[in-house]
């Protein structure tokens, strides 16, 4: 009977209250029960970064996080950083610089870059490489992604425009 | 979804956590889950009860004590240690190590205590903590005991911790000389790593003692005794030739697991290169100290 727990959390700013079995992983809660399909499952072992979401602003692998662990916390997915009328400046930079091809890794990259620029608005090249080294992309060879992020690092933006 | 559901408890004190373990005998302490959940997914670990220690106050504390010891709460995440002002001031090499464990997502939630308790040979923290002569506080139903990191890890994925013992704090003396760490890796985990800690005399010119640990080479961090003995009592200027003279023999004495990270000769070669680079860094630090 204690194998199902009630949790309450914020998903992209929206309050969610739901009962979850203890063995539910966050990615399955987000995709299958709450219907947000932007978060991708790939390696399923916390190596590739495709399933990256933000937990209280910090990047985590939703494939290796228990749903019960987000009780009373804030989760942000790629849907939460995408404006209703288009793309965020990070997403636009990826498009502009050719930082994606098949697009499967892209939501994870967008979330990681969101967290990076929040913590470090003007990262050095070294900081960009260090932060993103755990996100894998099989299409771009990374150079185009790196150029996209570097273009953002040079921008002056207000605190909340990211 | 993981293979099967389990009870999930969130005790708020160490006593309650140990009590929650209770008589079931099949519970497990849980924090970041970066190793445990992967093993559960792969069905190599099964549990009927996870005891989440993240609500226990004080387990994420980092402090320099009056006795000049540095204490790190076992559930400190790698990110927390990397950013902590005490660690950055007194053991910058540990801050740097923690800033480079695995990837940014693992560092957000993975803890130093979980890393130690998993006993994975290809891990960063155990090698440096062994070189720092860290002691681990284990609290269980039958009391509290202190275990040195050297004695804690028995073999691959095997430690002396009893299932109902909770690792609460990691303690080591504040270093009095250079602390250096290097690793070689292809993916997420180190293929070979080397940590070296020198204790210096008051003038910061002579090495009073040295601790050198080579990790991921065998099934647990191993002391490089020959090098430690050779360094004792040396001035910093004498270090490099002294190490080079004893290093081949010292490395030959170590247990080496040939694995996907390389053959024995290759892994020994990596250890040699990493150690000499650590030495060069420590020499530079020693001169300026």
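The values are calculated or read from the model by the stated rules, or taken from the named source; none is laboratory data. Please read these numbers as outputs of a predicted model, since none were measured by experiment. Don't worry about glycine lacking a Cβ; one is built from the backbone with ideal geometry, like all the others, and counts go over all protein chains shown.
For segment A:99-108, a tally of residues being in a helix (DSSP H, G or I) and away from every other protein chain (no Cβ under 12 Å) returns 2.
Considering only residues that are under 17 Å from residue A:35 (Cα atoms) and more than 21 Å from the chain's Cα centre (by Cα), look in segment A:8-24 and name the one that is farthest from the other protein chains (Cβ to nearest Cβ). It comes out as A:17.
Has segment B:234-253 got any residue that is within 19 Å of residue B:94 (Cβ to Cβ) and in contact with a strand residue (DSSP E or B) (Cβ under 9 Å, 6 or more places away or on another chain)? So far as segment B:234-253 goes, no, none of its residues is within 19 Å of residue B:94 (Cβ to Cβ) and in contact with a strand residue (DSSP E or B) (Cβ under 9 Å, 6 or more places away or on another chain).
A quick yes/no check of all residues on (1) under 23 Å from residue B:42 (Cα atoms); (2) at the interface with chain B (Cβ under 9 Å from one of its Cβ atoms); (3) outside any loop (DSSP other than H, G, I, E, B):
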| site | (1), (2), (3) |
| --- | --- |
| A:29 | yes, no, yes |
| A:36 | no, no, no |
| A:46 | yes, yes, no |
| A:59 | no, yes, yes |
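The single condition from (1) away from every other protein chain (no Cβ under 14 Å); (2) under 25 Å from the mean Cα position of the chain (by Cα) that residue B:25 fails is (2).
Within segment B:186-206, the set of residues being under 18 Å from residue B:94 (Cα atoms), assigned to a strand (DSSP E or B) and either assigned by TED's automatic domain parsing to the domain that holds residue B:110 or touching a residue at least 40 places away in the same chain (Cβ under 8 Å) (or both) comprises B:190, B:192, B:193, B:194, B:195, B:196, B:197, B:198.
In a residue-by-residue description of segment B:261-268, the property of being in a helix (DSSP H, G or I), in contact with a strand residue (DSSP E or B) (Cβ under 7 Å, 6 or more places away or on another chain), touching a residue at least 60 places away in the same chain (Cβ under 8 Å) and assigned by TED's automatic domain parsing to the domain that holds residue B:210 applies to at least one position.
Has segment B:234-249 got any residue that is closer than 30 Å to residue B:159 by Cα, in contact (Cβ under 8 Å) with a residue 12 or more places away in the chain, in contact with a helix residue (DSSP H, G or I) (Cβ under 7 Å, 6 or more places away or on another chain) and part of a strand (DSSP E or B)? No, that holds for no residue. Checked against (1) more than 9 Å from chain A (Cβ to nearest Cβ); (2) crowded, with 20+ Cβ neighbours inside 10 Å; (3) in contact with a strand residue (DSSP E or B) (Cβ under 9 Å, 6 or more places away or on another chain), residue B:35 meets all criteria but (3). Note on segment B:115-141: residues that are buried (at least 24 other Cβ atoms within 10 Å of the Cβ) and within 26 Å of residue A:54 (Cβ to Cβ) amount to 3. Scanning segment B:76-125 for residues that are more than 13 Å from chain A (Cβ to nearest Cβ), under 14 Å from residue B:34 (Cα atoms) and in a loop (DSSP other than H, G, I, E, B), we see that the one that is farthest from the chain's Cα centre (by Cα) is B:76. The test for being within 22 Å of residue B:5 (Cβ to Cβ), surrounded by fewer than 23 Cβ atoms within 10 Å (Cβ to Cβ) and touching a residue at least 24 places away in the same chain (Cβ under 8 Å) does not hold for residue A:25.
Here residue B:75 fulfils each of the conditions (1) free of Cβ contacts under 8 Å to residues at least 60 places away in the same chain; (2) over 25 Å from residue A:73 (Cβ atoms) apart from (2). Take residue B:144 and tell me if it is farther than 30 Å from residue B:207 by Cβ, surrounded by 15 or more Cβ atoms within 10 Å (Cβ to Cβ) and not assigned by TED's automatic domain parsing to the domain that holds residue B:255. When the stated conditions are applied, residue B:144 does not pass them. In segment A:79-91, the condition of being at positive phi, at pLDDT 95 or above and touching a strand residue (DSSP E or B) at 6+ places or on another chain (Cβ under 9 Å) is met by no residue. Counting the residues of segment A:129-141 that are surrounded by fewer than 22 Cβ atoms within 10 Å (Cβ to Cβ) and either touching a helix residue (DSSP H, G or I) at 6+ places or on another chain (Cβ under 8 Å) or within 14 Å of another protein chain (Cβ to nearest Cβ) (or both) gives 5.
Counting only strands (runs of 3 or more DSSP E) wholly contained in segment B:8-72, the ones carrying 2 or more residues that are under 25 Å from residue B:84 (Cβ atoms) occupy B:27-30, B:62-64. Given the structure, is residue B:2 closer than 27 Å to residue A:112 by Cα and not in a loop (DSSP other than H, G, I, E, B)? Spelling it out, it is not the case that residue B:2 is closer than 27 Å to residue A:112 by Cα and not in a loop (DSSP other than H, G, I, E, B).
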